[in-house]
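Below is one structure, written out as structure tokens; comments come after it.
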Amino acid sequence: MRVVLQRVKGARVIFDNGLVSEIGKGLLIFLGVGKGDKKEYCDYFSEKIVKMRIFENPRGKFDLSLMDVKGDVMIVSEFTLYADTKKGNRPDFIKAEKKEEALKIYNYFIASMKKYVNNVQTGEFGKYMEIELVNDGPVTIFMEK
């Protein structure tokens, strides 16, 4: 499982020229599901993410978590996080999980995040989307299991 976290002041997903979902201050999470990933990984990541101290305290130090700031979460499926670019010029996605299995893990991850966060929004799994965001920092963190 691969995750890219972006701390945002706000983000929204647009699909078919209509707003799908929108958040305020919080985290935009791009989730890539790889072959063999397990639901247990979702539990690990969701707890780690909500407790990670990547928001600034009044003195400007990274000392507050998503839970501390009562931030929102936007989760977007992103199989391209498994792009293998070692050979040639076309990325290979052979290490990404098949769509049906990836959807199960994606949905479980959403449910796992909802245990901690009141406002969890999502993109449209497997669909073309436009993502608009206002980076906060910027703070971007890559996680892998």
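Read the figures in this text as sums done on the coordinates, not as results from a lab. Values in this document were obtained by computation on a predicted structure and should not be read as measured data. Heads up, the Cβs are rebuilt from the backbone with ideal geometry, glycines too, and the neighbour counts pull from every protein chain shown.
Under a straight-distance cross-link criterion of Cα-Cα below 16 Å, which lysines are reachable from residue 86, leaving out those fewer than 8 residues away in the same chain?
95
Could you name the aspartates and glutamates whose alpha carbon sits less than 20 Å from that of residue 70, not counting residues in the same chain fewer than 8 places away?
Straight-line reach from residue 70, under 20 Å: 22, 43, 47, 56, 136.
When we measure straight from the Cα of residue 98, which aspartates and glutamates land under 14 angstrom away, once same-chain ones fewer than 8 places off are left out?
Reachable aspartates and glutamates: 37, 78.
Considering only DSSP beta bridges where both residues belong to the chain, give the percentage that are antiparallel (nearest 5).
Once the DSSP bridges in the chain are tallied, antiparallel ones form about 75 percent.
What do you get for Rg/Rh of the chain when both radii come from the Cα atoms and Rh is the Kirkwood radius?
That ratio equals 0.97.
Expected output is a single nm value to one decimal: the length gained when fully extending between residue 67 and residue 86, i.e. 0.36 nm times separation in residues minus the C-alpha distance. What is it? Intermediate values should be presented prior to the final figure.
Values: separation 19, 0.36 × 19 = 6.84 nm, distance 3.84 nm.
Extending this stretch completely gives an extra 3.0 nm.
Calculated FRET efficiency, residue 93 and residue 17, Cβ-Cβ r, R0 30 Å, to nearest 0.05?
Working: r = 27 Å, r/R0 = 0.90.
The pair residue 93/residue 17 has a calculated efficiency of 0.65.
Which net charge results for the neighbourhood of residue 114, defined as the other residues with beta-carbon distances under 14 angstrom from its beta-carbon, given Lys and Arg at +1 and Asp and Glu at -1? Kindly include the intermediate steps, with their values, before the conclusion.
Details: positive: 115; negative: 43, 47, 72.
Value of the local net charge: -2.
Compute the acute angle (0 to 90°) between the alpha-carbon long axis of helix 39-51 and the principal axis of greatest extent of the alpha-carbon atoms of the chain; round to the nearest 10°.
30
Multiply the residue gap between residue 124 and residue 145 by 0.36 nm, knock off their C-alpha separation, and tell me the result in nm, one decimal place. Numbers along the way, then the final one.
On the way: separation 21, 0.36 × 21 = 7.56 nm, distance 2.36 nm.
Residue separation times 0.36 nm, minus the Cα-Cα distance, leaves 5.2 nm.
Between the helical axis of 99-114 and the dominant principal axis of the chain, each derived from Cα atoms, what acute angle in degrees is found, rounded to the nearest 10?
The angle comes out at about 10 degrees.
Calculate the translational D of segment 71-143 in whole µm² s⁻¹ from Stokes-Einstein, where the hydrodynamic radius comes from the Kirkwood formula applied to all Cα pairs, the temperature is 10 °C and the viscosity 1.306 mPa s.
It comes out at roughly 110 µm²/s.
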